[in-house]
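First comes the structure, then the notes that go with it.
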Amino acid sequence: MIGDKKIVYSAVQPTGCITLGNYIGAIGNWIKLAEEYESIYAIADLHALTVRQVPSEYRQRALSFFAQYIACGIDPKKSILYFQSHVPQHTELTWILNCFTYIGETSRMTQFKDKSAKHADNINVGLLDYPVLMAADILLYQTDYVPVGIDQKQHLELSRDLAIRFNNLYTPTFTVPEPYISKQGAKIYSLQDPTKKMSKSDSDVNATVSLIDTPEDIMRKFKRAVTDCDAYVSYDEKNKPGVSNLLTILSAVTGKNIESLVKEFEGKGYAELKSVCGEAVVEKLRPIREEYGRLIKDKAYLTETAKAGAAAARGIAQKTLSKVYRKVGLVEG
Ligand code: TYM
């Protein structure tokens, strides 16, 4: 709690581009939750070093993600926005938590297995330790709720286990965080392979929609979206994953429920669904893209905002870290 408000925390890794999946599954909820709770949102720039990055591109991309957070409507006056690497307490708490985490717990994480398979030439210790750094992110801020997509649920469970383990070994130190996962839109699928999640780092540009894609690109991607060989619109995740994904996206960006959308499309074909969906996404993203265009030119503002965010984050994080150092028996400095 900060004052009498509960705390919401989340982050995105600056890899690839921020996708419509990230927006529907996570960032959209961040904005809603920021109205009611004390909210803290980070760019997880240390996490993404677990795969190789080109330094000059990486720096630019991280700043671009930061500008996109603000362009999405996360107000830095209401939420703390910062870069993870600007707050050293994250890596410090990670070390302590490492000493309470079993290798078996991190090596069975689905994301570790997937990334190890994808980057077989670079299965580094950071990749294995990734969920512990994520637990440190969350626990440092005594977080109550973590708005994420379904793919992060397993990592969240480890964060909870570590908090409970530490609290039981010593005295209550960490708030045990709850995941905040929407019933709908917690997993948006690739437009080219609707059995796979829409992923930031997909090499097929037509599979994902970036928040800052041009309207033409968005329309092209939706028009090419893979559906199936039936011709009627209905929601059936198992047998019609492509069409169901389009309905989920359309529902998320228009606020209409899926049932009413299915009715709207009675007697209409996939081409119409694709173009209505594309247009709705274009309209939803238009103000974000325009605001982003303004913000990205104002580097001084972005840098100042990030600095202020990191200072505020460090203040909260240090309180938790000092408590942890004391509990484990480190000599006070
Ligand atoms: P990342 O960067 O992969 O994804 C950012 C957020 O977007 C959600 N997401 C999706 N939601 C719906 N459909 C999709 N296709 C989709 N793809 C991604 C993710 O669930 C996530 O919420 N480890 C995290 C970043 C992180 C973090 C944290 C999150 C670092 N520290 C602390 C929460 C709290 C990650 O890689 O997310």
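The values are calculated or read from the model by the stated rules, or taken from the named source; none is laboratory data. What you see is a predicted model; the values in this text were computed from it and never measured. For neighbour counting, all protein chains shown are included, and Cβ atoms are generated from backbone atoms with ideal geometry for every residue, glycine included. To get the accessible areas, we keep the full protein, side chains included, count just its heavy atoms, and leave off ligands, DNA and RNA. Shrake-Rupley method; radii C 1.70, N 1.55, O 1.52, S 1.80 Å.
Assorted remarks:
- Leu162 being closer than 12 Å to Phe100 by Cβ, within 11 Å of the ligand (Cβ to nearest atom), crowded, with 22+ Cβ neighbours inside 10 Å and in contact (Cβ under 8 Å) with a residue 60 or more places away in the chain: no
- On inspection, Ile7 fails the criterion of being touching a residue at least 60 places away in the same chain (Cβ under 8 Å), open to solvent by 10 Å² or more (accessible area, probe 1.4 Å) and touching a strand residue (DSSP E or B) at 6+ places or on another chain (Cβ under 6 Å).
- In region 165-182, the residues that are open to solvent by less than 70 Å² (accessible area, probe 1.4 Å), part of a helix (DSSP H, G or I) and touching a residue at least 12 places away in the same chain (Cβ under 8 Å): Arg165, Phe166
- Top-ranked residue of region 183-220 - restricted to ones that are open to solvent by less than 10 Å² (accessible area, probe 1.4 Å) and over 16 Å from Ile27 (Cβ atoms), ranked as nearest to the ligand (Cβ to nearest atom): Ser190
- The lone criterion from (1) surrounded by fewer than 16 Cβ atoms within 10 Å (Cβ to Cβ); (2) more than 8 Å from the ligand (Cβ to nearest atom) left unmet by Ile150 is number (2).
- Only one of Leu127, Leu133, Leu140 that is touching a residue at least 60 places away in the same chain (Cβ under 8 Å), surrounded by 24 or more Cβ atoms within 10 Å (Cβ to Cβ) and at negative phi: Leu140
- Candidate set from region 10-57 (those that are open to solvent by 10 Å² or more (accessible area, probe 1.4 Å) and among the hydroxyl-bearing types (Ser, Thr, Tyr)); member that is farthest from the ligand (Cβ to nearest atom): Ser56
- Gln60 vs. criteria at pLDDT 95 or above, open to solvent by 30 Å² or more (accessible area, probe 1.4 Å), under 18 Å from Tyr130 (Cα atoms) and polar (S, T, N, Q): no
- Region 240-292, residues that are of a type in the set (Gly, Ala, Ser), closer than 17 Å to Asp213 by Cβ and loosely packed, with under 14 Cβ neighbours inside 10 Å: Ser275
- For region 197-250, the set of residues classified as of a type in the set (Lys, Arg) and either part of a loop (DSSP other than H, G, I, E, B) or under 15 Å from Phe265 (Cβ atoms) (or both) consists of Lys200, Arg224, Lys238, Lys240, listed by residue number.
- Only a single item in (1) more than 10 Å from the ligand (Cβ to nearest atom); (2) within 26 Å of Leu321 (Cβ to Cβ) is not met by Ala120, and it is number (2).
- Boolean, Pro194 is farther than 18 Å from Ala271 by Cβ, at pLDDT 95 or above and outside any helix (DSSP H, G or I): no
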